[in-house]
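One structure below.
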Amino acid sequence: MESRLDPALKIAEFLLKIKAVRLSPSKPFTWASGWKSPIYCDNRKTLGHPVVRTYIRQQFVEAINDSFGKPDMIAGVATGGIAHGALVAQEMGIPFIYVRSAAKEHGMKNAVEGDLTQGRNVVVVEDLVSTGTSSLQAVASLREAGCEVKGMVSIFTYRLQVASDAFAEAKVRLHALTDYHVLLREALASEYITEKELASLQQWREDPANWPLNTGTTVDPEPLETADTRDKAGTRTATAAKKQGPAAAKP
């Protein structure tokens, strides 16, 4: 095993263990875009586990220093990136600001909240990158406010092609602490998923807009939940999956 993958595997293990990420190929979720998804992610759960959030904070700081150098400020993306961003800023001893999903309709009508006089280059902290739409909207808001965005870090990304294309077009570098491929490796090793489920999960990432229609995967006609574009929720625990199999998935 390559040593550089160790932190990524450890975070993937954490996410599965605390049920921040849940997998359900047989009973997929529906995203707001209409896509069916066999994975649901709620990284806000990491904040309720001190060991997990501390490890994530440490890995964020290391990733920022290694990939971008120390910025003037850290910017958290509402809502999932705010708490993690504040923890990172505290650890690095630098100011913190955050970006709203939309500008306020009253008062100063800010999209970016905080003291922007303390610096002008920032690293953005996200909890999850899916299609990249909301993450890059935050980058656009920061640039409109006069900030230089050095890059973005996230806890997890699906590594969807649509996101990769969007980040490239926006000229934003993304460093994710772990990703979909690493998560599936850990899920298979821990017997959270079977080889058959792995194949279906891999097919989803290759063509999420048409999965499962183009894969022959059999799914329950009623999705367990509806996801927003931030893709945050879940279906089953690793223990239930291991002992009972995919047919036992419950919300």
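The values are calculated or read from the model by the stated rules, or taken from the named source; none is laboratory data. As the structure is a computational prediction, the values presented were derived from the model and not from experiment. We place every Cβ from the backbone using ideal geometry, glycine too, and count neighbours over all the protein chains shown. Protein only, heavy atoms only, side chains kept; ligands, DNA and RNA dropped before computing areas. Shrake-Rupley method; radii C 1.70, N 1.55, O 1.52, S 1.80 Å.
Using DSSP to call loops (not H, G, I, E or B), can you name the GluC sites (Glu not before Pro) in segment 46-150 whose Cβ has at most 15 other Cβ atoms within 10 angstrom?
Those that pass, being in a loop and sparsely packed, are Glu105.
For segment 34-152, what is the charge dipole size about the Cα centre, in debye to the nearest 20, if Lys and Arg each add +1 at the Cβ and Asp and Glu each add -1 at the Cβ?
That gives segment 34-152 a dipole magnitude of about 240 debye.
Would you mind checking segment 109-136 for residues with the amide N under 17 Å from a putative spin-label position 7 Å along Cα→C-beta of Ser33?
Of the residues in segment 109-136, 128-136 have backbone N under 17 Å from the label point off Ser33.
What shape does segment 1-135 have by the C-alpha gyration tensor, where a ≥ b ≥ c are the square roots of the eigenvalues, rounded means a/c under 1.5, and otherwise prolate means a/b greater than b/c and oblate the rest?
oblate
Rounded, prolate or oblate: which fits segment 40-110 when a ≥ b ≥ c are the square roots of the eigenvalues of the alpha-carbon gyration tensor, with rounded for a/c under 1.5 and prolate only if a/b beats b/c?
oblate
Would you work out if segment 131-201 is rounded, prolate or oblate? Take a ≥ b ≥ c from the square roots of the eigenvalues of the alpha-carbon gyration tensor; rounded if a/c is under 1.5, else prolate when a/b is larger than b/c, oblate otherwise.
prolate
List the chymotrypsin sites (Phe, Trp or Tyr not before Pro) in segment 48-152 that DSSP assigns to loop (not H, G, I, E or B) and whose Cβ has at most 13 other Cβ atoms within 10 Å. Which are they?
Sparse-neighbourhood loop chymotrypsin sites (Phe, Trp or Tyr not before Pro): none present.
Once label points are set 7 Å from the Cα along Cα→Cβ at both Gln118 and Asn65, what is their separation, rounded to one decimal in nm?
In this crude spin-label approximation the distance works out to 2.0 nm.
If R0 is 25 Å, what FRET efficiency do you get for Ala78 and Ala140 from their C-beta distance, rounded to 0.05?
0.95
Kindly sort His49, His181 by accessible area of their heavy atoms, largest first, with the probe set to 1.4 Å.
Largest accessible area first, the residues go His181, His49.
Hey, with R₀ at 35 Å, roughly what FRET efficiency would Lys19 and Gln161 work out to, going by the Cβ-Cβ distance, to 0.05?
Once rounded, the FRET efficiency stands at 0.80.
Quick one: accessible surface of Asp72, probe radius 1.4 Å, all protein chains present, in square angstrom to the nearest 10.
Rounded to the nearest 10, the figure is 60 Å².
In square angstrom, what is the accessible area per residue of segment 130-177 with a 1.4 angstrom probe?
With all protein chains present, segment 130-177 gives 43 Å² per residue.
Multiply the residue gap between Asp6 and His49 by 0.36 nm, knock off their C-alpha separation, and tell me the result in nm, one decimal place.
Separation in residues times 0.36 nm, less the Cα-Cα distance, equals 13.5 nm.
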